[in-house]
1. Residue 100's amide H: which non-local residues (gap 5+, or another chain) put their own amide H closer than 5 Å, with H modeled 1.01 Å from N in plane and none for Pro or chain starts?
2. In debye, nearest 20: dipole of segment 88-237 around its Cα centre with unit charges on the Cβ of K, R (+) and D, E (-)?
3. Could you size up the charge dipole of segment 200-320 around its Cα centre, putting +1 on the beta carbon of Lys and Arg and -1 on that of Asp and Glu, and report it in debye to the nearest 20?
4. Looking at 168, 150, 200, which one has the Cα that reaches farthest to the positive end of the dipole of segment 146-200 (charges on Cβ: Lys, Arg +1; Asp, Glu -1)?
5. Taking a probe of 1.4 Å, how large is the accessible area per residue of segment 97-251, in Å²?
6. Collect residues whose amide H, placed 1.01 Å from N in the peptide plane, falls under 5 Å from the amide H of residue 217; neighbours closer than 5 in sequence don't count.
7. Report, to the nearest whole %, how much of the accessible area of segment 88-187 belongs to carbon and sulfur atoms, 1.4 Å probe, protein only.
8. Over the Cα atoms of segment 73-219, compute the convex hull volume and normalise it per residue, giving Å³.
Amino acid sequence: MAKFRFHKLAAIAVLIGVGAWVATGEFSSVGSAQNEAPPTPSEAGEQVKIPLRTVAVITPPRVEHQRAIRISGRTDAEKRVTLATRVMGVIEKLPVRQGERVERGDLVMQLNAEDKEAAVRMAESVVTQRQAEADAAERLVGGGNAPKLQADQARAALATARAQLESAKAELAQYSIYAPYNGVIDKVPVQRGSAILAGTEIATLINLDPLLAIGQVSERDLKYVNLGSAADILLVDGTAVKGTVTYISRDATSATRTFPIEVSVPNPDKSLPAGMTAEITLRAAPTDSVVLPRSVVTLSSGGDLGIRAVGDDNKVVFYPIDLVDDTPTGLVLGGIPAGVRVIVAGQDLVNDGDEVVPVEADAATIQKLIGQVSNGT
């Protein structure tokens with residue numbers, strides 16, 4: 001009985017001690033001080049320091065690049081004329097054939113004109129007679145044996161005879177057709193001995209020197225094309241020739257909003273034909289630019305296309321670009337100031353105005369960029 005009372009009294013004493021200890025609150029700090037996080041720099045009154053991002057940069061060399069404008073077109077004759085008769089008759093002479101080259105002034109066709117030739121001979125005889133009469137009248141008037149009026153009448157008759165002779169020759173000339181310029185006879189739809197009416201087509205004459213390469217330039221590229229600019233022409237058979245821009249229309253084709261142009265190509269041997277498909281490459285004026293791989297180009301926060309570079313203060317600067325040309329060796333870009341350090345690795349991980357640590361691109365990065373440029377990627 002005494003033992004039971006002792007255990008009961010001990011338990012009550014322990015319970016009272018634990019209650020007193022809990023009431024003090026000291027248990028809340030036991031073990032927590034070791035796990036408590038140290039105060040943050042902001043709580044301690046210190047400034048937060050974020051590590052600067054490192055970017056790879058290069059200073060691209062400057063190049064003078066001519067923008068290439070490639071358009072599809074065709075070749076055509078510099079001149080093309082349809083020769084036709086002005087009078088009716090029977091073809092007496094037709095000395096040309098299709099594909100034959102002729103010089104200016106060569107006879108192409110002549111109609112039978114015996115009556116017109118006779119009229120010319122008669123008119124020449126009348127002129128000879130009137131000339132003799134006029135000379136005699138002048139001698140008589142000079143010797144005082146005839147009035148001056150007689151000499152005036154003789155001179156008037158001579159002038160009339162000469163006019164009739166010129167009229168007869170003009171009528172005879174209408175029976176013959178001559179080449180108006182050097183060229184090639186393309187078509188001869190008539191034959192010798194055929195009876196034809198006035199206005200009948202006799203032959204088609206084309207001039208292939210120079211040859212024209214004709215195409216259409218878009219309204220966006222029109223400002224880059226100038227008269228006298230050089231052009232490269234690649235024919236569908238693989239023949240490559242050079243020419244000069246000789247015509248630029250200022251009236252756009254309504255259906256396509258493109259502007260017709262003509263490139264003059266020397267063709268002294270007439271070996272280049274008209275009507276062949278051709279690719280015309282025009283060259284714009286040289287532009288100061290740089291060549292960079294496509295991977296370097298990025299977008300600004302406003303959606304503009306450009307590149308990011310590092311300024312003298314090591315802060316990121318965005319430069320909008322002018323796409324001068326897209327070549328197999330990379331993008332030719334204008335609008336980039338000289339000496340700018342262009343970010344070639346990490347440009348998409350920084351924002352305008354960020355301070356960075358620029359380092360020159362290592363050999364591996366440069367080799368990768370060279371590979372991208374070489375592959376046109």
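The values are calculated or read from the model by the stated rules, or taken from the named source; none is laboratory data. Computed from a predicted model, the values in this text were never measured in an experiment. Virtual Cβ from ideal backbone geometry, glycine too; neighbours counted across all protein chains shown. What goes into the accessible areas is simple: the full protein's heavy atoms, side chains included, and nothing from ligands, DNA or RNA. Shrake-Rupley method; radii C 1.70, N 1.55, O 1.52, S 1.80 Å.
1. 185
2. Numbers: 16 positive and 21 negative charges, 80 e Å.
Roughly 380 debye for segment 88-237.
3. On the way: 10 positive and 14 negative charges, 67 e Å.
Once rounded to the nearest 20, the dipole reads 320 debye.
4. Value computed over the given set: 150.
5. 59
6. Here the answer is 259, 261, since their amide H atoms fall under 5 Å of that of residue 217.
7. That share works out to 50 percent.
8. Details: hull volume 26.2 nm³, N = 147.
It is 178 Å³ per residue.
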